[in-house]
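*Asks:* Attaching a single structure in structure tokens format; questions to follow.
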Amino acid sequence: MDFKVFDVILVGSGISGLYAALNLDERLNILMLSKRELTLNNSALAQGGIAAVLDKENDSFELHIKDTLIAGNYKNDMDHLKILVEQGPVDVRNLKNFGVEFDTNEQGNVNLTLEGGHSRRRIAHHKDTTGFEIETRLIEGVLKLRNVTVVDNSVLTRMDKKDDYFLAEVLHNGKYHYYAAKNTVLATGGIGRVYNYTTNSAIATGDGIQFAYNMGAKIKNISYIQFHPTAFADKNSRESFLISEAVRGEGAYLLNCKGERFMLKYEPERKELAPRDVVSGCILKESKRLNSTDFFLDISHKDSDYVKNRFPMIYQKVLEKGFDMAKEPIPIFPCQHYLMGGIDVDLNSESTINGLYAAGECSHTGVHGQNRLASNSLLEALVFSRLAAEDINRKVQEIDNAKQVSYEFSSPEGKKIPKGVRTEIRSIMQEAFFVEPHYDECISGLVRVKELMSLFDDNIYQIDRDYVEARSITTLAYLILSEIKERFEKGHDK
């Protein structure tokens, strides 16, 4: 089979993939693959904003670093963290060049808000749809680039590396297409679909991490998973609607089933603005104490018009669920939200495989440590996708004029992967690791996951989207539970 050759393959159309494309040399021939439509990703779902030191009179790099370290339980990579904080403001300001609009105050300056774990107001936002604003503006910029070929609704089914080329098999419009490039940037987002309930988009199955792992790339801290404390409590939907941290930043209270502000007891200083892992842990403690899973977020004590204008999207979404957040508390409970680990990368966002880069949630830069500080994710997506692009620009001295690359993948035809694999994996993970890992469930779950992994050893199944996603979440479950098991065996309490 013959492969169409590009200089760079970008996998993913979230903010990391888009910003990488916009920073790559315009002489490079680039292929961008989007699993579904361009705006279906975690980037577009980001509500609260993007954290950066934009007001040096009242903030500093040192304070942003300190807040991030505290939230990350001091497990952060300091070299990457300094890059994130010190270079981030330039990238945030650069978004204006692509038409991104942030809310401003009466003086015309960016209106910075506060979120949990931050000691200063440093979050730039576009009401409560910041991610969608950035995403759509960057899409407009990428679609204007003549050197970028965008293929949406395309599933990367297989990837391998031979000699200097990354070889990609892509399913698009019912047909398999084959591409090659010497540089690949994986920007495939999170792993939310490994769990029963997640704030992530429908495509967040960890595909990029699976492909990198199977090519031999180092995967690090894959069990560093964040559970957001304030997802709308709706057990009828696998996709849990996120109630942004910014709601608490603007004064909302967390209430237990008795209508009490329980965070005052567990965190008397930080209260509702403690980091996410702390708040989620406190909710579970209170849940156990009261034998109830009924918890609420209440901002009804604020001016009604202010709530509606500050959080128009959240207000409308919750109203559709039957709750008026301007007048009453709304039900919430923790659920899976973000991955801090992933494909381990260096200071240029390059993995342990030469020419393979990773940016955004699928990567492990180490900036977040064990728990992500609110609104640092969009910042990471910008900074490290740009660094990946700049490194590729430096390395590519000559444009690849190869006309043809040949390689043989085994036949992608066959019977469909059995149904129920993904459902079983999600149940295993929900029981084994929700906010805190449960040792016995992790061990028994790992045994079953290993059995399911064997399904993908034989080339008997049709390699389509169902196959890829089932393989991805099974692989991720294996990696997560294996890492937890290893940590327990090194002396962690069971």
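None of the figures in this text is laboratory data; all of them are computed from the coordinates on show. All of these numbers come straight from a predicted model, not from anything done at the bench. Every residue, glycine among them, receives a Cβ derived from its backbone with ideal geometry; neighbour counts consider all protein chains shown.
*Asks:* Working out 0.36 nm times the residue gap between Tyr439 and Asn309, then minus their Cα-Cα distance, what length gain in nm do you get to one decimal?
*Replies:* Fully extending the segment from Tyr439 to Asn309 adds 42.3 nm.
*Asks:* Let me ask something additional. Computed FRET efficiency, Cβ-Cβ of Glu62 and Lys450, R0 30 Å: what is it to the nearest 0.05?
*Replies:* Details: r = 46 Å, r/R0 = 1.53.
In this case the efficiency is close to 0.05.
*Asks:* Once every DSSP H run of n ≥ 4 in the chain is given -39500 (n - 2.57) and the sum is divided by its residues, what mean residue ellipticity at 222 nm do you get, rounded to the nearest 500 deg cm²/dmol?
*Replies:* So the calculated ellipticity at 222 nm is -11000 deg cm²/dmol.
*Asks:* Further, regarding this structure: In the range 346-384, what GluC sites (Glu not before Pro) fall in a loop by DSSP, with at most 14 other Cβ atoms inside 10 Å?
*Replies:* Numbers: sites: Glu350, Glu361, Glu380; in loops: none.
Nothing satisfies the criteria.
*Asks:* Mind running the shape call on the range 421-489? Use the C-alpha gyration tensor, a ≥ b ≥ c as the square roots of the eigenvalues: rounded below 1.5 for a/c, prolate if a/b tops b/c, oblate otherwise.
*Replies:* On the way: a/c = 2.63, a/b = 2.00, b/c = 1.31.
Prolate, because a/c is 1.5 or more and a/b exceeds b/c.
*Asks:* Of His301, Val278, Ile314, which is farthest along the charge dipole of the range 231-334 in the positive direction, counting Lys and Arg as +1 and Asp and Glu as -1 at C-beta?
*Replies:* Val278
*Asks:* In the range 202-275, which trypsin sites (Lys or Arg not before Pro) are in a loop and have at most 10 other Cβ atoms within 10 Å, using DSSP for the loop call?
*Replies:* Of the trypsin sites (Lys or Arg not before Pro), the ones in loops of the range 202-275 whose Cβ has at most 10 other Cβ atoms within 10 Å are Lys235, Lys258.
*Asks:* Long-range amide H contacts for Val5: which residues qualify at under 5 Å (H placed 1.01 Å from N, peptide plane, sequence gap of 5 or more or a different chain)?
*Replies:* Amide H neighbours of Val5: Ala180.
*Asks:* With axes computed from alpha carbons, what is the tilt in degrees of helix 276-290 against the longest principal axis of the chain, rounded to the nearest 10 within 0 to 90?
*Replies:* 60
*Asks:* If the limit is 31 Å between Cα atoms, which of Lys235/Lys485; Lys265/Lys302; Lys66/Lys265; Lys75/Lys321 go over it? Before the final figure, lay out each step's value.
*Replies:* Numbers: Lys235/Lys485 29 Å; Lys265/Lys302 23 Å; Lys66/Lys265 25 Å; Lys75/Lys321 38 Å.
Check vs 31 Å cut-off fails for Lys75/Lys321.
*Asks:* Specify which residue in the list Val447, Leu186, Val405 is farthest towards the positive end of the charge dipole of the chain, using unit charges on the beta carbon of Lys, Arg (+1) and Asp, Glu (-1), about the Cα centre.
*Replies:* It is Val447, whose Cα lies furthest towards the positive end.
*Asks:* Please work out the C-alpha center-to-center distance from the range 324-397 to the range 45-110 and express it in whole Å.
*Replies:* Cα centroid to Cα centroid, the span is 14 Å.
*Asks:* Starting from the range 1-37, pick out the trypsin sites (Lys or Arg not before Pro) whose DSSP state is loop and whose Cβ has at most 15 other Cβ atoms within 10 Å.
*Replies:* When the trypsin sites (Lys or Arg not before Pro) of the range 1-37 are filtered for loop state and at most 15 Cβ neighbours within 10 Å, Arg27 remain.
*Asks:* Let me ask something else about it. So, R0 is 25 Å and r is the distance between the beta-carbons of Asp79 and Gln107; what FRET efficiency does that work out to, to 0.05?
*Replies:* 0.10
*Asks:* Also, quick follow-up: Taking θ as phi - 60°, what are the ³J(HN,Hα) couplings along the range 378-394 by the Karplus curve (6.51, -1.76, 1.60), each to the nearest whole Hz, with x for Gly and Pro?
*Replies:* After applying 6.51 cos²θ - 1.76 cosθ + 1.60, I find 5, 5, 4, 4, 5, 4, 7, 6, 5, 5, 4, 4, 5, 5, 4, 4, 5 Hz.
*Asks:* Pairing the Cα long axis of helix 439-453 with the longest principal axis of the chain, what angle in degrees results, from 0 to 90 and rounded to the nearest 10?
*Replies:* With rounding to tens, the tilt is 30 degrees.
*Asks:* Tell me, what is the percent relative contact order of the range 231-334, built from C-alpha pairs under 8 Å that lie six or more residues apart?
*Replies:* Here the relative contact order equals 30 percent.
*Asks:* Separate question: Need the list of lysines near Lys416 for cross-linking: C-alpha distance under 18 angstrom, and skip anything on the same chain fewer than eight residues off.
*Replies:* The reachable lysines, counting only those whose Cα sits under 18 Å from Lys416, are Lys175.
*Asks:* Amide H to amide H, which residues 5 or more places from Gly189 or on other chains are under 5 Å from it, using H placed in the peptide plane?
*Replies:* Glu361, Cys362
*Asks:* Under unit Cβ charges (Lys, Arg +1; Asp, Glu -1), what dipole magnitude, rounded to 20 debye, does the chain have relative to its Cα centre?
*Replies:* So the magnitude is around 600 debye.
*Asks:* Hey, another quick one. Rg (Å, one decimal) plus Dmax (Å, integer) for the alpha carbons of the range 236-367?
*Replies:* That works out to 18.2, 56 Å for Rg and Dmax.
*Asks:* Nearest 5 is fine: what % of DSSP beta bridges in the chain come out antiparallel, could you say?
*Replies:* Once the DSSP bridges in the chain are tallied, antiparallel ones form about 65 percent.
*Asks:* Looking at the square roots a ≥ b ≥ c of the eigenvalues of the Cα gyration tensor of the range 194-313, which shape do they give, rounded for a/c under 1.5, prolate if a/b is larger than b/c, or oblate?
*Replies:* In terms of gyration-tensor shape, prolate.
*Asks:* Taking the chain as the reference, fit the longest principal axis to its C-alpha atoms, fit the long axis of helix 465-489 to the helix C-alpha atoms, and give the angle between the two in degrees, 0 to 90, nearest 10.
*Replies:* That helix lies at roughly 60 degrees to the long axis.
*Asks:* Once amide H atoms are placed 1.01 Å from N in the peptide plane, what residues at a sequence separation of 5 or more from Met32, or on another chain, have their amide H within under 5 Å of its amide H?
*Replies:* Hits under the 5 Å cutoff: Leu10, Thr149, Val150, Val151.
*Asks:* Remind me, relative contact order of the chain in percent, using alpha carbon pairs under 8 angstrom and six or more residues apart?
*Replies:* 23
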